[in-house]
Amino acid sequence: MQVTIRGRNVEVTPRLQDYVEKKVGKLDRYLPTINEAHMDIAVEKTRSAEDRQVVQLTIRSKGSILRAEERNQDLFTAIDAVLDKMYRQIGRYKGKHHDRSRAGAEEIGGEEVPVTIEPEEIRPGRIVRTKRFGMVTINPEEAIEQMELLGHDFYVFFNAEAGAVNVLYRRKDGNYGLIQPEMA
């Protein structure tokens with residue numbers, strides 16, 4: 001498994017890098033199909049000192065992405081907390097994946113890259129960030145699972161049933177909506 005660490009407003013010291021690699025390396029025991037793990041560590045200026053250290057962990061496994069984020073006043077506590085959250089997500093993922101494979105369904109696919117935009121970077125009328133991601137053909141039910149695993153409110157995927165790119169989104173009433181674009 002390839003582990004990458006990126007620091008924003010914080011120096012990634014050898015001690016910090018060793019700590020992260022040791023902790024993240026143990027994820028392989030619970031989900032051996034992990035290809036890569038990416039940890040973003042940031043120090044943000046907030047009014048509350050308790051939320052200044054932000055740690056985000058993203059892992060890729062067989063076309064699926066799991067993501068967790070934690071905030072704390074202590075960096076190492078935030079790292080431990082994000083790993084605890086990731087262990088829970090892996091358990092959920094393995095449970096859903098196991099149930100799905102027993103039912104004879106296809107493997108979950110699709111990729112999404114989380115987008116984080118700081119409020120001070122946003123200027124009306126401009127594109128402030130562009131992301132590219134590979135898409136695997138999946139059905140809407142699998143897209144719901146991927147969206148839930150990522151903790152996002154929307155998910156872009158190539159719909160196997162419709163044969164086109166679709167957008168799945170969470171509605172305020174807790175249900176889901178599906179946008180199927182058509183050429184005008």
Quote the FRET efficiency, to the nearest 0.05, computed for ASP18 versus TYR87 with a Förster distance R0 of 22 Å and r equal to the Cβ-Cβ distance.
-> 0.60
Computed lengthening from ASN139 to ILE5, 0.36 nm per intervening residue step minus Cα-Cα distance = 45.0 nm
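Read the figures in this text as sums done on the coordinates, not as results from a lab. Since the structure is predicted, the reported quantities are computational estimates derived from the model, not experimental observations. Quick reminder, even Gly has a Cβ in these numbers, built from the backbone with ideal geometry, and neighbours come from all protein chains shown.
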